[in-house]
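What follows is a set of notes on a single structure, which appears directly below.
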Amino acid sequence: MIQVTPLADAGPRPRNVAIGTFDGVHVGHRAVIAGADTVLTFEPHPLEVLHPQAAPKLLMPFNVKRDVLDGIGVEEVVVINFDEAFTRITAEQFIEEILIGKLGAEQVSVGENFRFGTKAKGTPEMLAARPEFTTRVVPLIEVGGEAVSSTRIRALVAAGELTQARRCLGVPFMIEGTVVTGDQRGRDLGYPTANIVPDDRLVSPGHGVYAAFANGLPAAVSIGVRPTFETGRGVLIESYLLDQDIDLYGHVLRVAFVERLRGEKRFDSAEDLIEQMKLDVDATRRVCGSFQRP
């Protein structure tokens, strides 16, 4: 199990450290992290402190990022509390006090666009000039002729382009949340769903119906406001787990999106909706059945 260590509690030891915010842990991040035993990251996202008005919705909360890092073999995540005090640490202090003094770094890996220290004066070249550790600078990775970035992936997810997002992430885009009570309408229609209210701090796929895995099980997932019915409710993420009868109320559900099946649509009757749901389930069964897990 991966170890999570606040920076204040970290003791020096020989470390191979990858540094970054790593929101999404996409294929570019994975290239930076490759071979590292330790990831040094920041919570909250630096822009939440430096420029709150420009702070993005995140691709994943910390606990999902931790699990993804665990899955790719990282042994330890050292977390820097990115607050006002930290913004006053110079690039030299970051190197000397944190990388060398606190962590005992022997190798440091960063992306080519990584910046650090007060006013972002620290550069990969500054790291590479230090004799105390070796520095590995990783160029940007391209997918489909365009550099992969968390910003690009956020736009793809928000547009419902989950297949493209998966190519950039290397794995399906995931959300998780605690299952809440809905309108019980899905059960009445023969398709009971486990419902999650999307977190406003996180990016969420655009409205529509998706083939996905919910807690590892094939699921047809609808995101939207249920336009066929006048519910008065906001956006819900509704997962119908195929061939399952599980009480998930109050449990955490993690949904991994594979493919967008269609957009959100208003139907003239419940019967028309049920017919479409049958088609959605058939499509989900086909998509999930042929999906090759990474």
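The values are calculated or read from the model by the stated rules, or taken from the named source; none is laboratory data. Treat the numbers as computed from the prediction; the structure is a model and nothing was measured. Note: ideal-geometry Cβ built from the backbone for every residue, glycine included; neighbour counts use all protein chains shown.
Which ones in region 125-147 are outside the structural domain of Leu69 (by TED's automatic domain parsing) and in contact with a Leu (Cβ under 7 Å, 6 or more places away or on another chain)?
Matches in region 125-147: Ala147 only.
Among the numbered criteria (1) of a type in the set (A, V, I, L, M); (2) buried (at least 17 other Cβ atoms within 10 Å of the Cβ); (3) within 23 Å of Gly117 (Cα to Cα), which one does Ala54 miss?
Result: Ala54 fails condition (2) only.
Conditions: (1) surrounded by 17 or more Cβ atoms within 10 Å (Cβ to Cβ); (2) in contact (Cβ under 8 Å) with a residue 40 or more places away in the chain. Pro124 meets all but one. Number of the miss?
So the condition that Pro124 fails would be (2).
Being modelled with pLDDT of 95 or more, hydrophobic (A, V, I, L, M, F, W, C), surrounded by 13 or more Cβ atoms within 10 Å (Cβ to Cβ) and assigned to a loop (DSSP other than H, G, I, E, B), is that true of even one residue in region 265-286?
No; the residues of region 265-286 include none that is modelled with pLDDT of 95 or more, hydrophobic (A, V, I, L, M, F, W, C), surrounded by 13 or more Cβ atoms within 10 Å (Cβ to Cβ) and assigned to a loop (DSSP other than H, G, I, E, B).
Return the residue satisfying two criteria in turn: it lies in region 179-207 and is of a type in the set (A, V, I, L, M, F, W, C) and in a loop (DSSP other than H, G, I, E, B), and of such residues it is modelled with the lowest pLDDT.
Val197
Output yes when any residue across region 72-89 is over 30 Å from Val252 (Cα atoms) and buried (at least 16 other Cβ atoms within 10 Å of the Cβ), and no when none is.
Scanning region 72-89 turns up at least one residue that is over 30 Å from Val252 (Cα atoms) and buried (at least 16 other Cβ atoms within 10 Å of the Cβ).
Against the conditions (1) in a strand (DSSP E or B); (2) modelled with pLDDT of 95 or more, where does Glu176 fall short? Just the number, please.
(2)
In region 24-50, how many are of a type in the set (A, V, I, L, M) and part of a loop (DSSP other than H, G, I, E, B)?
So the answer is 3.
Looking only at region 51-64, which residues are assigned to a helix (DSSP H, G or I) and either closer than 13 Å to Thr151 by Cα or at pLDDT 95 or above (or both)?
Of everything in region 51-64, just one residue is assigned to a helix (DSSP H, G or I) and either closer than 13 Å to Thr151 by Cα or at pLDDT 95 or above (or both), namely Ala54.
Name, by its number, the condition in (1) in a loop (DSSP other than H, G, I, E, B); (2) surrounded by 18 or more Cβ atoms within 10 Å (Cβ to Cβ) that does not hold for Tyr210.
So the condition that Tyr210 fails would be (1).
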